[in-house]
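What follows is one structure encoded as structure tokens, with my remarks underneath.
The values are calculated or read from the model by the stated rules, or taken from the named source; none is laboratory data. Remember, it's a predicted structure, so these values are computed and weren't measured experimentally. Every residue, glycine among them, receives a Cβ derived from its backbone with ideal geometry; neighbour counts consider all protein chains shown. Protein only, heavy atoms only, side chains kept; ligands, DNA and RNA dropped before computing areas. Shrake-Rupley method; radii C 1.70, N 1.55, O 1.52, S 1.80 Å.
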Amino acid sequence: MTQAPGQDASRTPEERLAALGLAVPEVAKPVAVYVPSVRSGNHVFTSGQLPMRGGELMLTGKVGGEVSAEEAYECAQQCALNAIAAVKAQVGDLGAVKRIVKVVVFVASTPDFTGQPQVANGASELFGKVFGEAGVHARSAVGVSVLPLDSPVEVEILVEV
């Protein structure tokens, strides 16, 4: 996940998002009793981010069932955008991000679906495009039976600032 060809290292993360036709969304409202992110020292921990867009889940269901791997990839990308929003709410400027340290992607999937890593790439590739070398991270992609609100994907991140 090195810097994409033609990616200008002098551009801000927000400018890189804009070049992709994306923007930092409003912080997604929690669906239970928690906060979207917490800062502790030089680290920001996000809560699990669902693929909320405009206050609603993009899709519901299981990957490998009602949700295709391609749709789940897009959901993972939206989860990553929501995680970026939660980080920005803590630090104010995404330029303060020194490194995306760890990404955990949960994929609600049918028992025979084994493409969780490819779904998780929706988040990982976005972090690489937005943060360049600072977006290179450790990652877990985990298949689960169900997620909150019947979401197909949930993403949480740990960021160094």
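Listing for the model above:
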{"quantity": "Distance (nanometres) between label positions extended 7 Å along Cα→Cβ at ALA9 and GLU70", "calculated": "3.6 nm"}
{"quantity": "Sum of side-chain charges, LEU158 neighbourhood, beta-carbon under 13 Å (Lys, Arg +1; Asp, Glu -1)", "calculated": "+3"}
{"quantity": "FRET efficiency for LYS29 and THR114, using Cβ-Cβ distance with R0 set to 30 Å, rounded to 0.05", "calculated": "0.35"}
{"quantity": "Summed residue charge, Cβ within 14 Å of VAL146's Cβ, Lys/Arg positive, Asp/Glu negative", "calculated": "-2"}
{"quantity": "The chain - percent relative contact order, Cα under 8 Å, separation 6 or more", "calculated": "34 percent"}
{"quantity": "Virtual spin-label span in nm between THR60 and VAL91, 7 Å along Cα→Cβ", "calculated": "3.5 nm"}
{"quantity": "Cα gyration tensor shape of the range 62-144, rounded if a/c is under 1.5, else prolate or oblate by comparing a/b with b/c", "calculated": "prolate"}
{"quantity": "By average C-beta atoms within 10 angstrom, highest first, the peptides 65-71, 17-23, 83-89", "calculated": "83-89, 65-71, 17-23"}
{"quantity": "Accessible area of the chain belonging to carbon and sulfur atoms, whole % at 1.4 Å probe", "calculated": "52 percent"}
{"quantity": "Fraction of beta bridges assigned by DSSP in the chain that are antiparallel (%, nearest 5)", "calculated": "65 percent"}
{"quantity": "Shape box of the chain [Cα atoms, principal axes, largest first, Å]", "calculated": "43, 38, 27"}
